[in-house]
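Here's the structure we're looking at; comments come further down.
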Amino acid sequence: MIHVSIKLKTGAVIPGYQTRGSAGADLCAFLEAPLTIQPGRTELVPTGVFIEIPEGYEAQVRPRSGLALKHGITLPNTPGTIDSDYRGEIKIIMTNLGPAPFTVENGMRIAQIVFAKVYRGEFLETDRLNETARNEGGFGHSGI
């Protein structure tokens, strides 16, 4: 467990875990009025939540499976990364891939936040990389 400092706009909902085994804490919309996302459209939805993540960690923002299955609502940059040095409001990029308009209400659970350890790479320039059985094979090289 890591300790995450949180600041909320007045009336915003603190992220919460729905069950003891939940990996993600739900983030809720913070809206003055309902927001309808038309099919094929993307909207930025505020949460009223600001966090301070310890250095060496990130927060990953992910879609909620029920919204995806039942309404076609997803987050196009999944998982979205919140860096440890970001102090702005968490806002959720929501896209409606479903056939009908979807209305986001204030306080609605719209995304999940998961915390993960981050390992930074040290890049060492070289003229050659070790060969593997795969080598440069990518994008479907192994079949369906």
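A short reminder: the numbers here are calculations on the coordinates, not readings from a lab. Bear in mind that the values here come from a model prediction, so they are computed numbers and not experimental data. Because the Cβ atoms are built from the backbone with ideal geometry, glycine has one as well, and the counts that use them run over all protein chains shown.
Residues in the range 47-63: is at least one under 28 Å from Lys117 (Cβ atoms) and hydroxyl-bearing (Ser, Thr, Tyr)?
Going residue by residue through the range 47-63, those that are under 28 Å from Lys117 (Cβ atoms) are 47-63.
Add one more test, that the residue is hydroxyl-bearing (Ser, Thr, Tyr), and what stays is 47, 57.
Yes, because at least one residue in the range 47-63 is under 28 Å from Lys117 (Cβ atoms) and hydroxyl-bearing (Ser, Thr, Tyr).
Looking for something touching a strand residue (DSSP E or B) at 6+ places or on another chain (Cβ under 6 Å), hydroxyl-bearing (Ser, Thr, Tyr) and either buried (at least 17 other Cβ atoms within 10 Å of the Cβ) or not in a strand (DSSP E or B) (or both) - is there at least one such residue anywhere in the range 12-32? Yes, there is a match, as at least one residue in the range 12-32 is touching a strand residue (DSSP E or B) at 6+ places or on another chain (Cβ under 6 Å), hydroxyl-bearing (Ser, Thr, Tyr) and either buried (at least 17 other Cβ atoms within 10 Å of the Cβ) or not in a strand (DSSP E or B) (or both).
Considering only the range 104-111, I want to know if a residue exists there that is exposed (fewer than 10 other Cβ atoms within 10 Å of the Cβ) and of a type outside the set (A, V, I, L, M, F, W, C).
Our first condition is that a residue be exposed (fewer than 10 other Cβ atoms within 10 Å of the Cβ); within the range 104-111, this holds for none.
Checked the range 104-111: no residue is exposed (fewer than 10 other Cβ atoms within 10 Å of the Cβ) and of a type outside the set (A, V, I, L, M, F, W, C).
Hey, among Ile110, Ile144, which residue is of a type in the set (Val, Ile, Thr), within 27 Å of Asn77 (Cβ to Cβ) and assigned to a loop (DSSP other than H, G, I, E, B)?
Working: Ile110 fails: assigned to a loop (DSSP other than H, G, I, E, B).
Result: Ile144 is the single residue among Ile110, Ile144 that is of a type in the set (Val, Ile, Thr), within 27 Å of Asn77 (Cβ to Cβ) and assigned to a loop (DSSP other than H, G, I, E, B).
Can you tell me which residue is farthest from His3 (Cα to Cα) among those in the range 52-93 that are in contact (Cβ under 8 Å) with a residue 60 or more places away in the chain and in a strand (DSSP E or B)?
In the first step, residues of the range 52-93 are kept if they are in contact (Cβ under 8 Å) with a residue 60 or more places away in the chain; the result is 53, 56-58, 89-90, 92.
With the extra rule that they be in a strand (DSSP E or B), the set shrinks to 57-58, 89-90, 92.
On the way: Tyr57: 11, Glu58: 12, Glu89: 18, Ile90: 17, Ile92: 22 Å.
Ranking the qualifying residues of the range 52-93, first place goes to Ile92.
If a residue must be among the polar types (S, T, N, Q) and more than 15 Å from Gln18 (Cα to Cα), how many such residues does the range 99-122 contain?
In the first step, residues of the range 99-122 are kept if they are among the polar types (S, T, N, Q); the result is 103, 106, 112.
Still in the list and also more than 15 Å from Gln18 (Cα to Cα): 103, 106.
Final tally of qualifying residues: 2.
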